[in-house]
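These notes concern the structure reproduced below.
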Amino acid sequence: MGHKVVVFDISVIRALWETRVKKHKAWQKKEAERLEKSALEKIKEEWNFVAECRRKGIPQAVYCKNGFIDTNMRLLDKIERNALTRQSSLPKDRGKRSSAFVFELSGEHWTELPDSLKEQTHLKEWHISNTLIQIIPTYIELFQAMRILDLPKNQISHLPAEIGCLKNLKELNVSFNHLKSIPPELGDCENLDRLDCSGNLELMELPFELSNLKQVTFVDISANKFSSVPICVLRMSNLQWLDISNNNLIDLPQDIDRLEELQSFLLYKNKLTYLPYSMLNLKKLTLLVVSGDHLVELPTALCDSSTPLKFVSLMDNPIDNAQCEDGDEIMESERDRQHFDKEVMKAYIEDLKERVL
């Protein structure tokens, strides 16, 4: 059965959390400024805790009681102990083999990759986050076994053309960096399954060569400056998840129904005035999230109870960002806000799915 779920925008969702925390902390604080600061810290703590619980596979019912998040760290400690117990029961050589192929790096004291990395061409995964690294070196072409490049929340300004040599690459995450373009050579990574370029803020287009990525099922290009759905995306015939929210879209292409496998389509925080009737041909679409303020026309069949589609309309109340003399400071605060909004929306959609199931 289809449903229509009308909710408030992300800022309202955040306000609900702030109100809840403020009531709990009000008696401890004498000044409104300190009260607000405490509430924001509590919200951040709760969402980080929820994200960590989801990553560890903890059911929502365990840490959410009567609508309140129990951030008792003993809960995570217990899960960690159970995980360690399970891990110790695995064959020792199996654990060694898996860790030997994974490279992890985090922390703002890192401004470039260690020189020793170029000698470890057997690696299959890079997980690099929250660093000040700006450049991915060209010697990345030597890592022919690479399957996962997980590079979120760094300072990366461009990707080398040599990335196209990674024929076994399955996942590329370059979200919340400083990219303004994607190398066309990425289209040579024909086994790519997941592409996340969200939160770069200045990204305006994807190269047509990415049309070769026929195995891609997940694309996230939200929080950028796309004015239209990239042509290459429309040619990704196996695409199941597309997030192009928080961009500059004013309409959708009439041939959007080329994405026959599309199941989840996130469009909120754009400037769409209508949805094309060709969307009715997306027979596998089960989740559609749009912003409500600018919409004046949409196919009513999208909300028909005979369809499996869950239609979520977010009533936007855009927040005017305070201007600041330091341009870099504006950009960084905007990245933080966009990242927080994405985490809130991700948690909301996961909660929505749990309630439906």
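The values are calculated or read from the model by the stated rules, or taken from the named source; none is laboratory data. On a predicted model such as this, the values are computed, not experimentally measured, just so you know. Cβ sites come from the backbone with ideal geometry, for glycine too, and all protein chains shown count toward neighbours. Remember, those area values only see protein heavy atoms, side chains included, never the ligands or the DNA or RNA. Shrake-Rupley method; radii C 1.70, N 1.55, O 1.52, S 1.80 Å.
Points to keep in mind about this one:
- Database remark: amide H of Ile136 closer than 5 angstrom to the amide H of His158 (H placed geometrically; neighbours at sequence offset of 5 or more, or on other chains; Pro and chain starts carry no H).
- Under the Karplus curve 6.51 cos²θ - 1.76 cosθ + 1.60, θ = phi - 60°, whole-Hz ³J(HN,Hα) for the range 281-290, x wherever Gly or Pro sits: 7, 7, 5, 9, 5, 10, 9, 10, 10, 10
- Nearest-10 value in Å² for the accessible area of Lys284, using the 1.4 Å probe: 100 Å²
- Summarised as an ellipsoid, the range 121-248 has semi-axes of 21, 18, 12 Å, derived from the eigenvalues of the Cα gyration tensor scaled by 5 and square-rooted, with the largest first.
- Note, ³J(HN,Hα) from phi for the range 105-122, Karplus 6.51, -1.76, 1.60, rounded to Hz, x at Gly and Pro: 8, 7, x, 6, 6, 8, 10, 7, 6, x, 4, 5, 5, 5, 8, 9, 6, 7
- Distance between the modelled labels on Arg258 and Ile349, one decimal in nanometres: 2.2 nm (7 Å Cα→Cβ projection).
- Listed pairs Lys170/Lys271; Lys124/Lys346; Lys124/Lys310; Lys225/Lys346; Lys167/Lys283; Lys170/Lys283 exceeding 29 Å between Cα atoms: Lys170/Lys271; Lys124/Lys310; Lys167/Lys283
- At a probe radius of 1.4 angstrom, the accessible area of the range 102-317 per residue rounds to 42 square angstrom.
- Rounded to the nearest 10 Å², the accessible area of Ile231 at probe 1.4 Å: 90 Å²
- When Glu45, Glu162 are compared by accessible area of protein heavy atoms, the largest-first order is Glu45, Glu162, using a 1.4 Å probe.
- Portion, in percent, of the accessible area of the range 130-263 that falls on carbon or sulfur, probe 1.4 Å: 45 percent
- 16 Å reach of a label modelled at Thr121, 7 Å along Cα-to-Cβ, counting backbone N of the range 142-160: 142-147
- Computed over the range 114-178, the P(r) tail beyond 19 angstrom holds 24 percent of alpha carbon pairs.
- Over 21 Å [Cα-Cα, the range 203-293], rounded percent: 21 percent
- Stokes-Einstein diffusion for the range 102-317 at 4 °C, viscosity 1.567 mPa s, with a Kirkwood radius from C-alpha pairs, works out to 71 µm²/s.
- For Val229, the accessible area of its heavy atoms, probed at 1.4 Å with every protein chain present, is near 10 square angstrom.
- Applying the Karplus relation 6.51 cos²θ - 1.76 cosθ + 1.60 with θ = phi - 60° to the range 169-174 yields 3J(HN,Hα) values of 5, 10, 9, 10, 10, 10 Hz, where x marks Gly and Pro.
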